[in-house]
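Read the structure below first, then the notes.
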Amino acid sequence: MLKHGVNSLCRCCPAVTYCTFEYDPVVWLLSCLEVTASSRHYVDRLFDLDPQKVLQGVIDMKNAVIGNNKQKANLIVLGAVPRLLYLLQQETSSTELRTECAVVLGSLAMGTENNVKSLLDCHIIPALLQGLLSPDLKFIEACLRCLRTIFISPVTPEDLLYTGPDHQTILFNHGAVQNIAHLLVSTSYKVRMQALKCFSVLAFENPQVSMTLVNVSVDGELLPQIFVKMLQRDKPIEMQLTSAKCLTSMCRAGAIRTDDSCIVLKTLPCLVRMCSKERLLEERVEGAETLAYLIETDVELQRIASITDHLIVMLADYFKYPSSVSAITDIKRLDHDLKHAHELRQAAFKLYASLGANDEDIRKKIIETENMMDRIVNGLSESSIKVRLAAVRCLHSLSRSVQQLRTSFQDHAVWKPLMKVLQNAPNEMLVVASSTLCNLLLEFSPSKEPILESGAIELLCSLTQSENLALRVNGIWALMNMAFQAEQKIKSDILRGLSTEQLFQLLSDSDVNVLMKTLGLLRNLLSTRPHIDHIMSTHGKQIMQAVTLILEGEHNIEVKEQTLCILANIADGTTAKELIMTNDDILQKIKYYMSHSNAKLQLAAMFCISNLIWNEEEGSQERQDKLRDMGIVDILHKLSQSSDPNLCDKAKTALQQYLA
C-alpha cells in the first residue's frame with residue numbers, strides 16, 4: 001500500500017522513493033475495490049518508454065474522465081496525478097504532451113472537492129505557474145484553465161495566489177493596467193468582461209491603482225467614461241454590476257468625487273436597481289453589498305440612496321426570500337437560492353448599517369420598516385457567522401440614535417442577544433459588538449441596568465487586556481460610560497475588576513485613544529464627593545502616582561487637560577483634597593500649568609485651585625495660605641487681566657475666595 005514514508009518505489013517518476021502523495025489507508029482500500037482494469041491500464045501507459053504511446057495514453061485518459069467522477073477518483077487513487085505533473089514539467093516532453101497533461105489535470109479538478117485537495121497535496125499550483133513561462137500559447141491556456149478551476153474551488157487556500165494590496169501593487173508595477181485597458185474595447189464580450197473584472201479587483205481599496213485608472217484612456221476615451229457606458233441599462237447585468245464596482249472602488253479611493261455625476265446619477269442608481277426583487281439572488285447580494293461600500297462614509301450619498309426607488313422598503317424583501325408565491329419555476333434554481341438565502345439577509349443588514357450610519361431620520365425609517373428589530377434580534381442568533389456580524393453592524397449603526405436607545409432597543413431587549421454574541425466570538429465580531437455595547441451603556445439608555453446585572457463588568461475588564469487595540473479601546477470606553485453617574489458599588493466593582501496593575505498598564509498604553517478613555521474612566525469614577533473620598537481612600541496613592549507620571553510625560557494637550565481635570569475632581573473631595581495639598585510635587589505642577597501657553601491647560605489648572613481654596617469648606621484658610629505662599633495669588637492676578645474671557649472670569653472668581 002502506498003503511504004508517505006514507506007520505502008517503496010514511487011510511480012511519480014523513475015528511481016524516486018518516498019512519494020509525498022499521501023493516502024488514507026481505509027479510503028485507499030475501499031477505492032481500490034472499485035478500481036477497474038481499464039483504470040489501471042490508463043495509468044500504466046503513462047510509464048511507457050515510447051513518448052508517442054505516452055501521449056496517446058494521456059489523450060485516451062482525457063476522453064475517459066470527461067463527465068465521469070468515478071473514473072477521476074480511480075485515476076487519482078492509482079497515482080495518475082504525480083505522474084502527469086512529472087510529464088508536464090519535463091523539458092524533454094513535447095509541447096503537445098505537456099498541454100494534454102494540463103487538460104487532464106484540469107478535468108480532474110472539475111470533479112469533487114476531494115479531487116482538488118488531492119491535486120493541491122501534489123503541489124500542482126507551482127507546476128502550473130511555471131508552465132505560464134512557456135512560449136506556447138495552447139499550453140499556457142491549458143495551464144490557466146486548470147488554475148482557474150482549482151482557484152474557484154472553496155477548498156483552495158486564497159493565499160496560494162496573489163491576494164491583498166501588496167499583490168495588487170506588484171501587478172500594477174508590472175504594467176497590468178496598461179496591458180489590460182485595451183481589452184475593454186475587444187470585440188469579444190467574454191474578453192471585455194474578464195478585463196472589467198480584473199480592474200474591479202485591482203482597484204478595490206487601492207488608491208494607487210484607482211488614481212491611475214482615472215487618467216487612462218482607450219481609443220481617446222477615459223476609463224471612467226467607458227465604465228459608465230458599461231453600466232447602462234441595455235448592457236448585460238454582469239457588466240453593469242462589475243462596472244459599478246470599478247467606479248465604486250475609484251470613488252472610495254478618492255479618485256472620483258462623491259458628488260460626481262457618474263457616481264450620483266449613474267453608479268448609485270445602477271446599484272439600487274440591482275437590489276430589486278426582479279434580479280437573481282447573487283445579483284441582489286452583490287448590488288446591496290457594493291452599494292453599502294459606496295455610501296458607507298458619505299452622508300449625502302446615504303441620503304440620496306435612502307430616497308431612491310424606495311430602497312429601505314425594498315430591502316425588507318431580502319428577509320422574505322423565497323416567498324410562498326416565488327416566481328422561480330426552475331427547481332434547481334430554487335434549491336440553490338434556498339441554500340444561499342442567508343446571503344441576502346447578510347447583504348441587507350450591511351446596507352441598512354451604511355444607510356443609517358449618520359442620519360437620524362434614515363435610522364427612524366429603517367427601524368419603522370416591517371419587523372426590523374425582530375429581524376436584527378433573529379440575525380444575532382443565526383448559525384451563519386457572516387449574518388451575525390452583519391446584524392451586529394446594523395445594530396451598531398442604529399444604536400447611535402438616542403431616541404431608538406430609549407424606545408425600540410428597550411422594547412426588544414436587544415442587549416440579551418448582544419451579550420450572547422460577545423461570548424467567545426472572533427475578534428472582528430467582538431469589535432463591532434463591544435462598540436454597540438458602548439452605546440447601550442450611555443446614561444440615558446434603559447438597557448444600562450440589565451446589562452450591568454448580566455455580568456458585563458467582568459467581560460469588559462477582560463477586553464481591556466486584549467492584544468487587539470480596538471478591543472482595548474472599546475472595553476475601557478464601555479467601562480467609562482458605565483461609570484458615568486453610577487452608584488458607588490458599580491464604581492468599586494469596576495476598580496476591583498480592572499485591578500490597580502491593569503489600570504496602570506492602560507495609563508501607560510502607547511495608543512492615545514486607550515489613554516484618553518482610561519483617563520475618562522478615572523474622571524467618571526472620581527465624581528460626587530462621597531465617591532471621590534471613598535475611592536481615594538483605597539486607591540489614592542496609586543492614582544496620584546499615575547497623575548504625576550502623565551503630567552511629567554510627553555503627552556498631547558488633550559491628555560494633560562484630562563489629567564488636570566481628574567486632579568480638579570480630587571480637589572473637590574472632602575478628605576481627598578489633602579492628597580493634593582500634602583504633595584508639593586503635584587502643587588508645583590498645577591502652578592506650572594496655570595502659566596502654560598495653552599489656555600485649555602491653564603483653565604483646567606485653575607479648576608484645581610478653585611476647588612482647593614473654596615472658603616466654605618473646612619480647612620480652606622490653611623490651604624489658601626499655603627497656596628499664597630507658593631505664589632498662586634500673584635498668578636491669579638495676572639490671569640484676571642487675560643484677554644481670554646474664560647480665564648479672566650475663573651481667575652476673578654478664585655480671587656474672591658481670598659477676599660471673602
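The values are calculated or read from the model by the stated rules, or taken from the named source; none is laboratory data. No experiment lies behind these values; they were computed from the predicted model shown. In this analysis, Cβ positions are derived from the backbone assuming ideal geometry, glycine residues included, and neighbour counts consider all displayed protein chains. Remember, those area values only see protein heavy atoms, side chains included, never the ligands or the DNA or RNA. Shrake-Rupley method; radii C 1.70, N 1.55, O 1.52, S 1.80 Å.
Considering only residues that are of a type in the set (Val, Ile, Thr) and part of a helix (DSSP H, G or I), look in region 443-472 and name the one that is farthest from HIS412 (Cα to Cα). Even if it seems obvious, please write down each step before you answer.
Filtering region 443-472 for residues of a type in the set (Val, Ile, Thr) gives 451, 457, 464.
Those still in the list that are part of a helix (DSSP H, G or I) too: 451, 457.
Details: ILE451: 14, ILE457: 22 Å.
The extreme case among them is ILE457.
What is the residue count in region 618-660 for residues that are under 54 Å from the mean Cα position of the chain (by Cα), hydroxyl-bearing (Ser, Thr, Tyr) and assigned to a helix (DSSP H, G or I)?
Going through region 618-660 one residue at a time, the tally reaches 1.
Name every residue in region 473-489 that is under 20 Å from ASP533 (Cα atoms), out of contact with any Gly (no Cβ under 7 Å at 6 or more places or on another chain), open to solvent by 30 Å² or more (accessible area, probe 1.4 Å) and in a helix (DSSP H, G or I), in order of residue number.
GLN488, LYS489
Output the number of the condition that THR156 fails; it satisfies all remaining conditions of (1) without any contact (Cβ under 8 Å) to a residue 40 or more places away in the chain; (2) crowded, with 19+ Cβ neighbours inside 10 Å; (3) outside any helix (DSSP H, G or I).
Against the list (1) without any contact (Cβ under 8 Å) to a residue 40 or more places away in the chain; (2) crowded, with 19+ Cβ neighbours inside 10 Å; (3) outside any helix (DSSP H, G or I), THR156 comes up short only on (1).
Out of the residues in region 68-99 meeting the condition of being charged (D, E, K, R) and either free of Cβ contacts under 8 Å to residues at least 60 places away in the same chain or over 16 Å from LYS53 (Cα atoms) (or both), tell me which one is surrounded by the fewest Cβ atoms within 10 Å (Cβ to Cβ). Steps first, please.
As a first pass, look at region 68-99 and keep what is charged (D, E, K, R): 70, 72, 83, 91, 96, 98.
Those left that are additionally either free of Cβ contacts under 8 Å to residues at least 60 places away in the same chain or over 16 Å from LYS53 (Cα atoms) (or both): 70, 72, 91, 96, 98.
Working: LYS70: 14, LYS72: 26, GLU91: 5, GLU96: 14, ARG98: 24.
Within region 68-99, the match that is surrounded by the fewest Cβ atoms within 10 Å (Cβ to Cβ) is GLU91.
Residues checked against (1) surrounded by fewer than 20 Cβ atoms within 10 Å (Cβ to Cβ); (2) small (Gly, Ala, Ser); (3) under 30 Å from ASN427 (Cα atoms):
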residue: GLU286; (1), (2), (3): no, no, yes
residue: THR290; (1), (2), (3): no, no, yes
residue: VAL299; (1), (2), (3): yes, no, yes
residue: ARG303; (1), (2), (3): yes, no, no
residue: ILE362; (1), (2), (3): no, no, yes
residue: ILE366; (1), (2), (3): no, no, yes
residue: LEU380; (1), (2), (3): no, no, yes
residue: LEU389; (1), (2), (3): no, no, yes
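Using the structure shown, decide if THR267 is open to solvent by less than 10 Å² (accessible area, probe 1.4 Å) and farther than 29 Å from LEU380 by Cα.
Working: open to solvent by less than 10 Å² (accessible area, probe 1.4 Å): yes; farther than 29 Å from LEU380 by Cα: yes.
Considered against the rule, which asks whether it is open to solvent by less than 10 Å² (accessible area, probe 1.4 Å) and farther than 29 Å from LEU380 by Cα, THR267 comes out as yes.
Within region 262-322, considering only helices (runs of 4 or more DSSP H) that don't extend past its boundaries, which have at least 3 residues that are free of Cβ contacts under 8 Å to residues at least 40 places away in the same chain?
Numbers: elements: 268-274, 281-295, 299-306, 311-316.
Helices (runs of 4 or more DSSP H) meeting the threshold: 268-274.
Matching residues to (1) among the basic types (Lys, Arg); (2) crowded, with 17+ Cβ neighbours inside 10 Å; (3) assigned to a helix (DSSP H, G or I):
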residue	(1), (2), (3)
LEU549	no, no, yes
THR563	no, yes, yes
ALA568	no, yes, yes
TYR592	no, no, yes
HIS596	no, no, no
GLN602	no, yes, yes
PHE607	no, yes, yes
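Return yes or no: is THR169 part of a helix (DSSP H, G or I), surrounded by 12 or more Cβ atoms within 10 Å (Cβ to Cβ) and at pLDDT below 80? Can you show your working first?
Working: part of a helix (DSSP H, G or I): yes; surrounded by 12 or more Cβ atoms within 10 Å (Cβ to Cβ): yes; at pLDDT below 80: yes.
Taking the combined requirement at face value, the residue satisfies it.
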